[in-house]
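The values are calculated or read from the model by the stated rules, or taken from the named source; none is laboratory data. Small disclaimer: the values here were computed from a predicted structure and weren't measured. Glycine also receives a Cβ, built like all others from the backbone with ideal geometry; neighbour counts cover every protein chain displayed.
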Amino acid sequence: MLISMPSPNDAQADLIAYLDFHVEAGADAILDEQPHDRFGEADTPAPTLRAPRRPAAAARPVPVQSHLLVPPPGSPPPAAPPSTFGRAASAQPDEAASDARARAREAKSLDELEKILADFDACPLRFTAKNLVFADGNPEARVMFLGEAPGADEDRIGKPFMGRSGQLLDKMMAAIGLDRTSAYIGNIVPWRPPGNRNPTPQEVAVCRPFVERQIELVDPEVIVCLGAPATQTLTGTKDGILRTRGRLFPYKLPTREAKLLATLHPAFLLRQPVQKRLAWRDFRALRGLLDGKA
Ligand code: URA
């Protein structure tokens with residue numbers, strides 16, 4: 001029997017095909033040498049992330065290395081880049097969240113807040129995202145929509161709700177006479193989680209002071225939370241979105257109380273179009289609120 005051995009070129013082609021497969025599946029960034037269960041880290045941060053704190057000057061981010069480089073056969077394993085994640089590598093979640101609170105409070109305008117966020121290096125997501133996705137729409141609007149986190153299209157363009165979910169959101173808004181000149185749109189987390197995974201509780205906790213300050217600065221009459229993560233983050237409820245949708249929650253702003261309306265996320269509606277009738281009910285209620293009829 002003749003057994004053919006793969007040539008070095010075949011082996012390299014296989015390796016490239018294997019990496020391409022992962023990129024297609026959304027695993028498109030190298031984060032560490034070892035896998036981590038981020039969801040299991042809610043109470044105990046992974047020890048490998050607890051590198052000693054660096055002085056601020058040494059804590060600048062360095063670019064993430066290209067993820068498709070195939071090392072030549074026989075080359076030594078690459079050394080782990082120690083400062084790839086800036087302060088995100090060393091900050092404890094609580095410390096990062098209280099730093100975020102202090103930084104967010106400093107912002108006196110949305111422009112300042114965006115600059116502060118762009119410099120904030122205690123959330124690891126910023127090191128794998130291409131762009132900060134801060135907001136789109138009209139900051140003077142009476143209504144603010146909030147999603148969960150940017151996807152690949154938003155990350156590439158730097159604005160929220162640009163892909164298929166965004167197109168559906170635009171249609172839903174148009175159905176009640178809104179568009180991006182009469183609404184403001186943001187996310188709970190302003191950087192794309194790699195491979196479109198859900199943001200972890202720690203990532204949400206670190207980003208939360210910024211979105212809270214963003215809401216204060218926009219000062220909307222109505223906040224529409226698209227999906228469970230936005231609703232749970234801003235109201236504290238643990239209920240799922242099929243329970244909370246259509247409900248109005250009070251949301252305290254510095255000078256008054258806004259109304260927070262929970263509804264279904266457009267991505268969920270793309271997967272389950274039959275649920276659009278529920279979202280339509282919520283959007284009609286939103287129209288009623290804006291027209292002073294509720
Ligand atoms: N989904 C979200 O939650 N936000 C976006 O910006 C895009 C998709």
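Hey, does segment 270-285 have a residue that's under 23 Å from MET173 (Cα atoms), assigned to a strand (DSSP E or B) and away from the ligand (no atom under 14 Å from the Cβ)? No, because not a single residue in segment 270-285 is under 23 Å from MET173 (Cα atoms), assigned to a strand (DSSP E or B) and away from the ligand (no atom under 14 Å from the Cβ). Here ALA80 does not fit the description of being more than 15 Å from the ligand (Cβ to nearest atom) and at pLDDT 95 or above. For segment 122-133, name all the residues that are more than 15 Å from the ligand (Cβ to nearest atom) and touching a Phe, Trp or Tyr at 6+ places or on another chain (Cβ under 8 Å). Once the filter is applied, which keeps residues that are more than 15 Å from the ligand (Cβ to nearest atom) and touching a Phe, Trp or Tyr at 6+ places or on another chain (Cβ under 8 Å), segment 122-133 yields CYS123, PRO124, ARG126, PHE127, THR128.
Across segment 158-182, the qualifying residues are those that are more than 10 Å from the ligand (Cβ to nearest atom) and more than 17 Å from LEU269 (Cβ to Cβ), and the one among them that is nearest to the chain's Cα centre (by Cα) is GLY158.
If you go through segment 134-156, how many residues are within 12 Å of the ligand (Cβ to nearest atom), in a loop (DSSP other than H, G, I, E, B) and farther than 18 Å from HIS265 by Cα? Qualifying residue count, segment 134-156: 1. Scanning segment 263-277 finds no residues that are surrounded by 21 or more Cβ atoms within 10 Å (Cβ to Cβ), among the hydrophobic types (A, V, I, L, M, F, W, C) and touching a Phe, Trp or Tyr at 6+ places or on another chain (Cβ under 9 Å). Test THR200 against the stated conditions and say whether it is crowded, with 21+ Cβ neighbours inside 10 Å, under 22 Å from GLY288 (Cβ atoms) and either of a type in the set (Val, Ile, Thr) or modelled with pLDDT under 95 (or both). No, not satisfied. Every listed requirement among (1) on the phi > 0 side of the Ramachandran plot; (2) more than 13 Å from the ligand (Cβ to nearest atom) is met by ASN196 save one, (2). Exactly one residue out of THR233, THR237 is within 16 Å of the ligand (Cβ to nearest atom) and not aromatic (Phe, Trp, Tyr), and it is THR233.
If you take the residues of segment 240-254 that are out of contact with any Asp or Glu (no Cβ under 8 Å at 6 or more places or on another chain) and under 24 Å from GLU221 (Cβ atoms), which of them is surrounded by the fewest Cβ atoms within 10 Å (Cβ to Cβ)? So, considering only residues that are out of contact with any Asp or Glu (no Cβ under 8 Å at 6 or more places or on another chain) and under 24 Å from GLU221 (Cβ atoms), the one surrounded by the fewest Cβ atoms within 10 Å (Cβ to Cβ) is LYS252. Of the set (1) more than 21 Å from PRO201 (Cα to Cα); (2) under 19 Å from the mean Cα position of the chain (by Cα); (3) modelled with pLDDT of 85 or more, all apply to ARG126 but (1).
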